[in-house]
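Here is the structure we will look at.
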Amino acid sequence: MENLFRELRQACSSTTWSQGVELVRANAVTLEQKSDEEIELRVTPPNGIVGHQVLLYPMDEDWSCECPSNADACEHAAAAIIAYRRGELGDSKNAPAHETVARIHYHLRVVGNTVEFQRALVFPDGQSHPLEGTLTRAAAPSSGYPRFTTTQTDLQIEHTLGTQKRGALPRALFQKLFPLLKNCDFVFLEDSPIRIGGQTCGMNGWLEDHPEGYWLQIAQDKSIDVIYSNGILKANNTLFVLTDTGLTAKDLKTYRAGLILRKSDIAELTNTHLPRLESIMNIQVRTQHLPGRSRALPRILVQTERQQDALIILPTIVYGDPPVARVDGERLVHLQGNVPIRQKAHEAELTRKLRTDLGLTPGIRSRFPREEGVRIAEELGSWRGEIQGDAHRWFRLVPALRPQFNDSSALPVDFVGDRFDSSNRIHQGKSAGGASVQSVVNAWQKGENLAPLEGGGWAPIPVQWLEKHGRLLLDLLAAQGEKKALPQAAISDLARLHESLDQPPPPEYQAIRDQLESFSSIPTASLSSQLSQILRDYQTQGVNWLEFLRTLGVGALLADDMGLGKTLQTLCVLNKSSLVVCPTSVLPNWENEIQRFRSELTINIFHGPSRQLTPDADITLTTYAILRNDCEALKKQDWDTIVLDEAQAIKNPDSLVAQAAYSMKANYKIAMTGTPIENRLEELWSQFHFTNPGYL
């Protein structure tokens, strides 16, 4: 169950998981029935009447939900696993009722040495009603609470409190509440009004001269009256929340005892100890003898680098030439030599000028893709300042690209056997280098005007040429895949591109055209006498069709209605080294059907915690959950045929299981489903993308 919990949590987006948590809090989950292999639950959203069935498969680390969501995991599945794991399966309670209007008061009470938090609905005459639950529940007509009014801060506090509405709150929660409580009119310690401050470490320090150099020490703030056990302290009739100093126990002990820093340690003092302590507490500097400081002027240093198609620019304010220190936010970081005296007014002027001239901010790394990179690189060319790196030179603008063909390749792509090779380039000219076909088509598809040259620089793309031929070229590039192999289903598109460019059709297309032009009927598949006698006429036609598609080198989507024998038809065309992926529930059915109709084939059931692949097995049976989890192991085996049963399981192209299915390689692919479209046309595309990538 823990493995399933982790798998489902990882598959959920943060929003989906939060929605699941809220459903659990609303007691929306009920247990229908359970067994070792399957747990059935029903999730009914609050104020709803329709519940969603969720099935959990702990052994397979898999789940399913009958809701129409296309995501790998929905909020109902998240709620089911959370509730079952916690044992939180039940109904909510209702609260009591009053009348009239009240305001929310916040009471901090000391119990022992702990500060406890309590809210109350208080009338102007002082009548008080402790608030036990949520504001939403208290506002319900049947709650029994009086009418009350809230401010935006009250609602923010309600949200911040989460499920813990009262009592001894942890320090981390008080740290979130105090900035909100500072804006409230009714905050009391015991029954007296109290001011709310921010966070403090409760300490201060000082730096003074010492015979050996400098003395640095910290101690508890003397203005503190009391520190409570859950991190609240009182000082000058104000409550603060203790914040972690970030210092180790060893460092705290050292600083409290006092630290001697010799004159040779000035860099460490100025750039390590003082900034470290000043970021968390007030440090009084009682010495006027900090040596080794310089009056170097601040200036802007711009660093450039390239990340794929984007220019990255980092401007920094530095002191000295070469730099002896740089400004990081509000801190001065020492680099070498003497420590410079900061000139914040000069820094502010440099910041203003940088924003005016280049639209940049010191210390902020900016990313400029494509056209923006060319623009900012041109501005850098006339900018008077130091630039480190030459990445901006890569973003120079050169004359427009144009298609160029040659005798060996009459197209902007080359064909080598049955493989689609996009290594040819659309050239701008021999001196300027060229851009890859993929980058040019990608730019055109995105509505961009420039493409990157492989030797550096950017050039306008041939938009008119691409308007005429780009769609076909884009389809072919998408169809070829990572291995640059053009699938058989895309050969007709390749021929159309040849035709549109007045070029002879490719040899691969000529072979298919000859076969189709001489076509009279689908050939009869070779079957054993046993299978021939069992098959009905329409099933025989289906088998012939499946075998015919295999000979053409294209995949099949077998979408007969439920109960018409898709499994039997598919079994008739399976060869050795076949992989069948199906839902867990139909795995036994496949095993029985193989033993019944194709008993000569050996079976490996790749399923369960002790699963192992058997390379010599004729047919390997597995589930979608295993395909998703063990995709890399399955891809290592050479498959003749891959079958997806109930192929609507990959209806969402962006899901992990669909991506795993797309990555599988085989000579022949079959998708079986009685419902090829359940909600949207994209589901059909996803199944065709598995069987014949690039066809649609």
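The values are calculated or read from the model by the stated rules, or taken from the named source; none is laboratory data. Remember, it's a predicted structure, so these values are computed and weren't measured experimentally. Just so you know, the surface numbers come from the protein's heavy atoms only, side chains and all, with ligands and any DNA or RNA stripped out. Shrake-Rupley method; radii C 1.70, N 1.55, O 1.52, S 1.80 Å.
A few notes on this one:
- Exposure rank, largest accessible area first [319, 145; 1.4 Å]: 145, 319
- Area accessible to solvent at residue 685, 1.4 Å probe radius, in Å²: 90 Å²
- Of all accessible heavy-atom area on the chain, the percent that carbon and sulfur account for (1.4 Å): 48 percent
- Computed accessible area, residue 105, all protein chains, 1.4 angstrom probe, square angstrom: 20 Å²
- Residue-by-residue Karplus 3J(HN,Hα) for region 235-240, coefficients 6.51, -1.76, 1.60, Hz, glycine and proline x: 8, 6, 6, 9, 9, 10
- Computed with every protein chain present, the accessible area of residue 55 is close to 30 Å² [probe 1.4 Å].
- Ordered by solvent-accessible area of protein heavy atoms (1.4 Å probe), largest first, the residues 590, 394 come out as 394, 590.
- Solvent exposure of the chain amounts to 52 Å² per residue of accessible area, where only protein heavy atoms count and the probe is 1.4 Å.
- Between residue 225 and residue 289, full extension at 0.36 nm per residue minus the direct alpha carbon distance yields a gain of 19.5 nm.
- These residues, 635, 468, 182, go from largest to smallest accessible area, 1.4 Å probe, as 468, 182, 635.
- Kirkwood hydrodynamic radius of region 296-361, Cα pairs, Å: 12.6 Å
- With contributions of -39500 (n - 2.57) from each DSSP H run of at least four residues, the per-residue ellipticity at 222 nm computed over the chain stands at -9000 deg cm²/dmol.
- When you restrict to C-alpha pairs under 8 Å that are six or more residues apart and normalise by the size of the chain, the relative contact order lands at 7 percent.
- Debye intensity ratio I(q)/I(0), log10, region 644-696, q values 0.15, 0.20, 0.25 Å⁻¹ (C-alpha model): -0.33, -0.60, -0.96
- Derived value for region 511-553: Kirkwood hydrodynamic radius 11.4 Å. Basis is the mean of 1/r over every pair of different alpha-carbon atoms.
- Taking a ≥ b ≥ c as the square roots of the eigenvalues of the alpha-carbon gyration tensor, region 523-604 is classed rounded because a/c is under 1.5.
- Tensor-based shape of region 175-325 (alpha-carbon gyration tensor, a/c under 1.5 rounded, otherwise prolate or oblate): oblate
- Karplus-derived 3J(HN,Hα) values for region 229-234, using 6.51 cos²θ - 1.76 cosθ + 1.60 with θ = phi - 60°, are 5, 9, x, 9, 10, 10 Hz; glycine and proline are entered as x.
- Area projected by the alpha carbon convex hull of the chain, averaged over all directions, nm²: 45.1 nm²
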